[in-house]
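A.B. asks: What follows is a single structure, and I will ask about it in a moment.
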Amino acid sequence: MKNEKFIVIDFDSTFTKVEGLDELAIISLENCEDKNDRIEQIQKLTNLGMEGKISFPESLQKRISLLKANKKHLKPLIDTLKKQVSDSFLRNKEFLTNYADNILLISSGFKDFIEPIVTEFGIKSENIYANNFLYDDEGNIVGYDIKNVLSQEKGKVNLLKSLNLEGDVYVIGDGYTDYEIREAGLANKFFAFTENIERESVVEKADHITPSLEEFLYVNKLPMSISYPKSRIQVLLLENIHPKATEIFKQEGYNIEFIKGALDEDELAEKIKNVHILGIRSKTKVTKKVLENANKLMTIGAFCIGTTQIDLDACAEKGIVAFNAPYSNTRSVVELALGEMIMLMRNVPDKSQNLHQGIWDKSSSNSFEIRGKTLGLIGYGNIGSQFSVLAESLGMKVIFYEVVERLALGNATPCKTLEELLHKSDVISLHVDDRKSNYSLIGKQQFAQMKDGVIFINLSRGFVVEIDALVEAIQNKKVRGCAVDVFPYEPKTNDEMFESKLRNLPNTILTPHIGGSTEEAQENIANFVPTRIINFINKGDTFGSVNYPNLQLPEQNNSHRLIHVHKNTAGILAQINQALAKHEINILGQYLKTNEQIGYVITDINQKYDKGIIETLKNIPNTIKFRILY
């Protein structure tokens, strides 16, 4: 029939993540002494042929001669390849099955192992075109059918000519032989498939680069398993976030831009355009002005504990979900606080500085053990409570002050007032959150209430302590040892000069906001936050969000998932369900949760539905955002 659309798909490194002959070599040469050398030669020949640097017949003939394979090796090869089907093909099995009449699998590989793989995805045997092995009486692979057009130069081109397809032809592949079909004028477009491998010589000749099957389906307005190609999701990562985060987002198929430093408001307001996912740490401020330019932003990941740098209310009003990492760096912060406490009790900073200046000051004056001393913790959350356990195990008495009722661990004792804690403590360590009531929590009055010669540590927030009051307390020896890791203003990059009145004070440890900056903590955060973001993008999960109602739910098969975000007003759910009923759409599952600002509804519906429902749901009054997940 004329005007039909035919889709020609390659097999090796397109339908599967690997090259079939390369994998067969690994299996068949297992017991060969020169195994590694032969495999390396075969892989090199594969790439040369795929890049068009040697003729395909030469590449194929030389690889077969190196294989030493037998028919018995095909079953383990097929088992291996079934586990190596490309992720986007796995996700779109339904499309491949439904469009099987118009899908041609054309490969320079071998039908012996291709057919058992692709027929499981609905592709018809009669639409599979590939080479065939030749075997001897013992089942050894001794060659291939040289009469098969696909074993010859321009094999795919000549095959397409012989098929004489009447209609539009689109080619999806990763090799030069796939491009040759387009070059010969036998295809309308060549889509370079880069999900598994990107060959520069092939990509530069493509009509369109397709990092996944979804990209091809999206461009050609064909049905796919998800609502938007993952390769089109733009991720912006700032402030030198751990490479593990980049790796996770890349594995998911997202498009990533990485910037080492922070951006100021104007820079971010410009950069945020067309970004779907933003990753930051503590220095970047996501303000209302920034969010006004965030035309596609879906979610923000704070790769740290605090979220005061993000206007969470403005995010909620725009339907933007924010996540943080409340636990991932707890141990790192505690260890730094513990180490600094011991160093300050022993007056180590001054002793070290004296030695650097050539002064030998061997003395026990003002040097004490921590055993038997009282540690006062202001804030008894994840960090404070863990610090409590470790300090007590070292022989300290632990007291704490917390505005929220907390279960005391070990023998730690709560104080009724902050003043009580200040009076009793030999060491005071701050571990409070970023709520507004903690601004200037410790000032001149609070220092006056402390013991003379107290050790003071702040690894929480820079705005918690009035710096002038702290400087005065150090200078008049009310505080005889101080450690500060956070400051009211912090440089945006490592190139900016750090200015503070705390510099060059006695027995004072200053660190550049590194409480959670260990390799372990940053890797934990880089695993935790992207996982939350990906679960939100893929399933609609908001579990762990700091500004959205928290919902966590299973993925549904054979259904569509609709996400509706609205202002928290009465009657929205009823309007959603009335609209679904009007369009005769069956609800398979529904979940609703609200907070003070917004309502969040997830509805799973039958696969077949009237497309008019989309506009209806978008136009319900007080709707903030609507999207289809899959």
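The values are calculated or read from the model by the stated rules, or taken from the named source; none is laboratory data. Just so it is clear, the model here is predicted, and its values are computed rather than measured. Reconstructed Cβ throughout: ideal geometry from the backbone, glycine too, with neighbour counts over all protein chains shown.
A.B. asks: Would you check if residue 305 is out of contact with any helix residue (DSSP H, G or I) (no Cβ under 6 Å at 6 or more places or on another chain), of a type in the set (Val, Ile, Thr) and crowded, with 17+ Cβ neighbours inside 10 Å?
C.D. replies: Yes, satisfied.
A.B. asks: Just checking, which of 103, 141, 64 is in contact with a strand residue (DSSP E or B) (Cβ under 7 Å, 6 or more places away or on another chain), β-branched (Val, Ile, Thr), under 30 Å from residue 559 (Cα atoms) and surrounded by 14 or more Cβ atoms within 10 Å (Cβ to Cβ)?
C.D. replies: 103
A.B. asks: What single numbered condition from (1) closer than 30 Å to residue 568 by Cβ; (2) in contact with a helix residue (DSSP H, G or I) (Cβ under 7 Å, 6 or more places away or on another chain); (3) acidic (Asp, Glu) fails to hold for residue 252?
C.D. replies: All conditions are met except number (1).
A.B. asks: Can you name the residue in segment 144-154 that is assigned to a loop (DSSP other than H, G, I, E, B), in contact (Cβ under 8 Å) with a residue 12 or more places away in the chain and at negative phi and, of all such residues, is surrounded by the most Cβ atoms within 10 Å (Cβ to Cβ)?
C.D. replies: 152
Residues are listed down the side, and each one gets a yes or a no for (1) more than 23 Å from the chain's Cα centre (by Cα); (2) assigned by TED's automatic domain parsing to the domain that holds residue 277; (3) surrounded by fewer than 20 Cβ atoms within 10 Å (Cβ to Cβ); (4) modelled with pLDDT of 90 or more:
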{"position": "525", "(1), (2), (3), (4)": "no, yes, no, yes"}
{"position": "547", "(1), (2), (3), (4)": "no, yes, no, yes"}
{"position": "560", "(1), (2), (3), (4)": "yes, no, yes, no"}
{"position": "572", "(1), (2), (3), (4)": "yes, no, no, yes"}
{"position": "577", "(1), (2), (3), (4)": "yes, no, yes, yes"}
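A.B. asks: Does segment 219-231 include one or more residues that are in contact with a Leu (Cβ under 8 Å, 6 or more places away or on another chain) and modelled with pLDDT of 90 or more?
C.D. replies: no
For (1) over 30 Å from residue 627 (Cα atoms); (2) charged (D, E, K, R), each residue gets a yes or a no:
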| residue | (1), (2) |
| --- | --- |
| 298 | no, no |
| 302 | no, no |
| 306 | no, no |
| 310 | no, no |
| 317 | no, yes |
| 328 | yes, no |
| 342 | yes, no |
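A.B. asks: Could I ask something else about it? Select from segment 81-100 the residues that are surrounded by fewer than 20 Cβ atoms within 10 Å (Cβ to Cβ), under 31 Å from the mean Cα position of the chain (by Cα) and small (Gly, Ala, Ser) and list them in ascending order.
C.D. replies: Of everything in segment 81-100, just one residue is surrounded by fewer than 20 Cβ atoms within 10 Å (Cβ to Cβ), under 31 Å from the mean Cα position of the chain (by Cα) and small (Gly, Ala, Ser), namely 86.
A.B. asks: Further question: Only residues that are in contact with a strand residue (DSSP E or B) (Cβ under 8 Å, 6 or more places away or on another chain) and more than 24 Å from residue 619 (Cα to Cα): list them for segment 556-591, please.
C.D. replies: The one that is in contact with a strand residue (DSSP E or B) (Cβ under 8 Å, 6 or more places away or on another chain) and more than 24 Å from residue 619 (Cα to Cα): 556.
A.B. asks: Which is closer than 18 Å to residue 302 by Cα, among the hydrophobic types (A, V, I, L, M, F, W, C) and free of Cβ contacts under 8 Å to residues at least 12 places away in the same chain, of 543, 536, 528?
C.D. replies: 543
A.B. asks: Picking from 106, 114, 42, 78, which residue would you name as being of a type outside the set (D, E, K, R), under 38 Å from the mean Cα position of the chain (by Cα) and not in a helix (DSSP H, G or I)?
C.D. replies: From the options 106, 114, 42, 78, the qualifying one is 106.
A.B. asks: A further question follows. Exactly one of (1) more than 26 Å from residue 169 (Cα to Cα); (2) in contact (Cβ under 8 Å) with a residue 60 or more places away in the chain; (3) part of a loop (DSSP other than H, G, I, E, B) is unmet by residue 64. Its number?
C.D. replies: Residue 64 satisfies all of (1) more than 26 Å from residue 169 (Cα to Cα); (2) in contact (Cβ under 8 Å) with a residue 60 or more places away in the chain; (3) part of a loop (DSSP other than H, G, I, E, B) except (3).
A.B. asks: Can you find a residue that is within 21 Å of residue 338 (Cα to Cα) and among the basic types (Lys, Arg) anywhere in segment 430-439?
C.D. replies: No, because not a single residue in segment 430-439 is within 21 Å of residue 338 (Cα to Cα) and among the basic types (Lys, Arg).
A.B. asks: State which residue is nearest to residue 424 (Cα to Cα) when the search covers only segment 447-463 and only residues that are in contact with a helix residue (DSSP H, G or I) (Cβ under 7 Å, 6 or more places away or on another chain) and surrounded by 21 or more Cβ atoms within 10 Å (Cβ to Cβ).
C.D. replies: Among those that are in contact with a helix residue (DSSP H, G or I) (Cβ under 7 Å, 6 or more places away or on another chain) and surrounded by 21 or more Cβ atoms within 10 Å (Cβ to Cβ), it is 450.
A.B. asks: Considering (1) surrounded by fewer than 21 Cβ atoms within 10 Å (Cβ to Cβ); (2) at pLDDT 85 or above; (3) of a type in the set (A, V, I, L, M, F, W, C); (4) in contact with a helix residue (DSSP H, G or I) (Cβ under 7 Å, 6 or more places away or on another chain), say which one residue 15 fails and leave the rest.
C.D. replies: If we test residue 15 against (1) surrounded by fewer than 21 Cβ atoms within 10 Å (Cβ to Cβ); (2) at pLDDT 85 or above; (3) of a type in the set (A, V, I, L, M, F, W, C); (4) in contact with a helix residue (DSSP H, G or I) (Cβ under 7 Å, 6 or more places away or on another chain), just (1) comes out false.
A.B. asks: Is it true that some residue in segment 334-343 is surrounded by 15 or more Cβ atoms within 10 Å (Cβ to Cβ), under 22 Å from residue 412 (Cα atoms) and not aliphatic (A, V, I, L, M)?
C.D. replies: Looking for residues that are surrounded by 15 or more Cβ atoms within 10 Å (Cβ to Cβ), under 22 Å from residue 412 (Cα atoms) and not aliphatic (A, V, I, L, M), one finds at least one in segment 334-343, hence yes.
A.B. asks: Can you pull out the residues in segment 506-523 that are part of a helix (DSSP H, G or I) and either among the polar types (S, T, N, Q) or crowded, with 19+ Cβ neighbours inside 10 Å (or both)?
C.D. replies: 521, 522
A.B. asks: In segment 222-233, is there at least one residue being assigned to a helix (DSSP H, G or I), polar (S, T, N, Q) and surrounded by fewer than 21 Cβ atoms within 10 Å (Cβ to Cβ)?
C.D. replies: yes
A.B. asks: Let me ask something additional. Considering only residues that are over 33 Å from the mean Cα position of the chain (by Cα) and surrounded by 12 or more Cβ atoms within 10 Å (Cβ to Cβ), which ones fall in segment 579-615?
C.D. replies: Correct list: 579, 580, 582, 583, 585, 586, 610.
A.B. asks: Which is under 23 Å from residue 506 (Cβ atoms), among the basic types (Lys, Arg) and under 44 Å from the mean Cα position of the chain (by Cα), of 371, 346?
C.D. replies: Among 371, 346, only 346 is under 23 Å from residue 506 (Cβ atoms), among the basic types (Lys, Arg) and under 44 Å from the mean Cα position of the chain (by Cα).
A.B. asks: Looking for whichever is assigned by TED's automatic domain parsing to the domain that holds residue 250, of a type outside the set (Phe, Trp, Tyr) and at pLDDT 95 or above here; the options are 529, 484, 479, 471. Which one fits?
C.D. replies: 529
A.B. asks: Would you confirm whether any residue within segment 95-102 is among the hydrophobic types (A, V, I, L, M, F, W, C), at pLDDT below 95, in contact with an Asp or Glu (Cβ under 7 Å, 6 or more places away or on another chain) and not in a loop (DSSP other than H, G, I, E, B)?
C.D. replies: no
A.B. asks: Moving on. Which members of segment 192-221 meet the condition of being part of a helix (DSSP H, G or I) and either of a type outside the set (A, V, I, L, M) or farther than 17 Å from residue 177 by Cβ (or both)?
C.D. replies: If the condition is that a residue be part of a helix (DSSP H, G or I) and either of a type outside the set (A, V, I, L, M) or farther than 17 Å from residue 177 by Cβ (or both), then 200, 201, 213, 214, 215, 216, 217, 218, 219 are the ones that fit.
A.B. asks: Is it the case that segment 19-27 has a residue that's of a type in the set (A, V, I, L, M), in contact (Cβ under 8 Å) with a residue 40 or more places away in the chain, surrounded by 15 or more Cβ atoms within 10 Å (Cβ to Cβ) and not in a helix (DSSP H, G or I)?
C.D. replies: No; the residues of segment 19-27 include none that is of a type in the set (A, V, I, L, M), in contact (Cβ under 8 Å) with a residue 40 or more places away in the chain, surrounded by 15 or more Cβ atoms within 10 Å (Cβ to Cβ) and not in a helix (DSSP H, G or I).
A.B. asks: Quick one: would you say residue 604 is within 26 Å of residue 91 (Cβ to Cβ), in contact with a Ser or Thr (Cβ under 6 Å, 6 or more places away or on another chain) and among the acidic types (Asp, Glu)?
C.D. replies: yes
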